[in-house]
Each structure stands twice: as C-alpha cells, then as structure tokens.
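Have a look at the structure below, then the notes.
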Amino acid sequence: AQSVTQPDIHITVSEGASLELRCNYSYGATPYLFWYVQSPGQGLQLLLKYFSGDTLVQGIKGFEAEFKRSQSSFNLRKPSVHWSDAAEYFCAVGARGQGGKLIFGQGTELSVKP
Amino acid sequence: ETGVTQTPRHLVMGMTNKKSLKCEQHLGHNAMYWYKQSAKKPLELMFVYNFKEQTENNSVPSRFSPECPNSSHLFLHLHTLQPEDSALYLCASSQDREATGELFFGEGSRLTVL
C-alpha cells in the first residue's frame with residue numbers, strides 16, 4: 001500500500017537549535033517527494049521537492065531535505081530554527097503522471113521555544 | 001490577485017442547508033483539486049479536474065458535488081452534510097494533471113456542520 005509516515009506528531013525545539021523532521025514513504029513507482037508547510041489559518045506552501053538527481057535538495061527559508069532510497073526516507077532539516085518556523089509540516093509523495101494526486105503524511109507540528 | 005483564492009474562509013451550516021465553496025486560481029493552471037483536511041488525519045484527495053474534466057473522484061459521498069466551469073474556477077456544492085464533514089477544505093491547482101505534482105494551495109474554507 002502507498003503511504004507516508006511522519007513518526008513525530010509534535011516536536012519542540014529551542015530557537016537557534018537544529019531541526020530534523022522525519023518522513024518515510026511506501027510507494028510503488030519512482031517517487032516524487034515534497035515537503036509542505038502550513039502556518040495557522042493558512043494553506044500549504046511548498047518548501048522543497050525532489051524529482052531526481054542530487055539527493056540533497058535545497059528549499060526556501062533555509063530548509064533542506066535528503067532523499068535516501070535505501071531507507072525510503074526524505075527527512076527535512078534546518079541548521080538553525082527561527083521562531084517563525086513554528087508551523088505544521090507535511091511530507092508528501094507522488095509520481096510523474098499522477099499530477100496533484102499526492103499522498104500526504106499526517107503532519108508534524110513544530111513548536112519553537114524562545 | 002495572485003495565487004489561489006478560496007471563499008468563504010469560514011462557513012457554519014446545518015445538516016439540511018445547501019451551501020457552496022468557491023475556488024479561483026490566477027496562475028494559468030489547468031488542473032484543480034479539492035482536498036479535505038480533518039484534525040489529526042492526513043490530507044485526503046477528494047476530486048481532480050484537468051482541463052475542466054473530472055478525472056478523479058476519490059469515493060466521495062454524493063452530498064459533495066464539485067463543479068468546474070472553466071480552468072480557473074472550482075466549486076464544491078454541499079448539501080445534507082453530516083457533523084463528521086466538518087473540516088478544512090483546501091483547493092489546489094497545478095500546471096496540469098500530468099505535471100510533476102507541485103501543488104499551489106488556497107488558504108482553505110473552514111466548514112462546521114451543526
């Protein structure tokens with residue numbers, strides 16, 4: 001079955017600390033992978049995406065993610081978290097030709113301590 | 001205006017009411033989507049339209065009726081809903097259904113069914 005698992009429902013980090021949000025997927029085809037962020041009362045905004053090539057991808061707001069095919073993972077990282085990063089983060093998987101038929105994870109809520 | 005706009009942002013309705021959600025995209029995209037976001041659950045794809053034609057109905061109950069009069073507008077007509085239909089309904093668009101799956105989301109319509 002196709003699925004995306006984000007093991008951490010809620011994470012709290014201190015401002016300035018590093019961050020890693022985990023994402024594991026199960027998908028039959030070659031995956032396209034995405035991370036989206038949702039601030040309270042807002043829609044989802046794309047942070048970064050992986051289609052092919054370099055397995056370390058850079059996104060907006062200083063985020064990066066690494067695709068590890070052997071581990072079926074696509075973890076999101078940021079070296080130094082800012083208070084404005086507090087939001088909910090969603091990992092999603094799709095495939096070429098599937099358009100917007102993305103499978104989303106349950107989301108990880110990030111809180112940032114001052 | 002730019003991006004994807006959804007109205008109304010908040011809607012409260014009784015189980016016997018009929019209401020509609022509206023979505024408009026100003027990105028020149030050809031595919032539009034309705035997603036449902038319930039608390040503590042992954043986003044669920046409801047409907048996909050590609051060049052105004054419905055290409056996906058993800059086993060959505062008939063009390064939800066989509067309409068796509070052109071590539072820029074998408075509606076979700078609601079009637080005889082149930083309290084469990086209370087959720088955030090997100091509209092999204094992409095270049096087309098065969099594209100890479102990068103979705104652009106609206107801010108959502110928060111629906112409460114009494």
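None of the figures in this text is laboratory data; all of them are computed from the coordinates on show. These figures come from a predicted structure and were not determined experimentally. Heads up, the Cβs are rebuilt from the backbone with ideal geometry, glycines too, and the neighbour counts pull from every protein chain shown.
Whole-Hz Karplus values for the stretch A:67-73 come out as 8, 10, 5, 5, 9, 6, 10 Hz, taken residue by residue from phi with 6.51 cos²θ - 1.76 cosθ + 1.60 and θ = phi - 60°; glycine and proline positions read x. Taking every alpha-carbon pair under 8 Å whose residues sit at least 6 apart, chain B reaches a relative contact order of 37 percent.
Based on alpha-carbon atoms, the Kirkwood radius and the radius of gyration of the protein assembly as shown give Rg/Rh equal to 0.97.
Annotation: average projected area of chain B is 6.6 square nanometres, based on the convex hull of Cα atoms across all directions.
Peptide B:43-50 shows a mean partner chain C-beta count of 3 within 10 Å per residue C-beta. Its relative contact order, with pairs defined as Cα atoms under 8 Å and 6+ residues apart, puts chain A at 37 percent. Cysteines in the protein assembly as shown that lack a partner Cβ within the 4.7 Å cut-off: B:CYS68. Positive contributions from Lys and Arg (+1) and negative ones from Asp and Glu (-1), summed over other residues with Cβ under 10 Å from the Cβ of A:GLU64, come out at +1.
Averaged over peptide B:103-110, the number of partner chain Cβ atoms lying within 10 Å of each residue's Cβ comes to 5.
Report the percentage of all Cα-Cα pairs in the stretch A:7-63 whose separation exceeds 14 Å, rounded to a whole percent. Summing the P(r) of the stretch A:7-63 above 14 Å gives 68 percent of all pairs.
Taking Cα pairs under 8 Å and at least six residues apart, what relative contact order does the stretch A:50-96 come out at, in percent?
21 percent
Taking the radius of gyration and the Kirkwood hydrodynamic radius from Cα positions alone, what is the Rg/Rh ratio for the stretch B:46-112, to two decimal places? A ratio of 0.96. How far apart, in nanometres, would the label points at B:THR5 and B:SER62 be if each is projected 7 angstrom from Cα along the Cα-to-Cβ direction? About 3.5 nm separates the two model spin labels.
Neighbouring Cβ atoms from other chains, within 10 Å of the Cβ of residues in B:65-73, number 0 on average. The fraction of all Cα pairs in chain A landing in successive 10 Å bins from 0 to the largest distance is 15, 50, 29, 6, 0, given as whole percents.
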